[in-house]
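Bear in mind these aren't lab numbers, they're just calculated from the coordinates by the rules spelled out. Bear in mind the structure is a predicted one, so any value in this text is a computation, not a measurement.
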Amino acid sequence: MPSFPQRLSELLSATNSTKRALAHAIGISERMIQYYITGAKSPTLDVLVAMADYFNVGLDYLAGRSDNPTPPPRTSSSEQDP
C-alpha cells in the first residue's frame, strides 16, 4: 500500500487540486504541504483529519493503511456514548 506522502500526491492529482488550494482550505502553508509530500515532515492529527475531510476519504486511506477510500459514516454527538 502507498505511504502517506504517496497517497497525498495521488489524491492531489486525482482531484486536480493544487498544493496551494489544499493549504488554503485547511489553514496551513503550501510549504508544509510540500514537506508532507516529500516525507520531510509528518502532519498532526488535526491536519490529517482536515485533509481527509477535504478529499472526502477515510483517515486509514489517507495514511496508506487501507485501499478503501470511503470514509466511515459520521455520527452526531447525540448518537455517541456519553
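Across the chain, the convex hull enclosing all Cα atoms gives 104 Å³ per residue. Among LEU11, LEU45, LEU62, determine the one that fluctuates most according to a GNM of the chain built with springs between C-alpha atoms less than 10 Å apart. Greatest mean-square fluctuation among the candidates belongs to LEU45.
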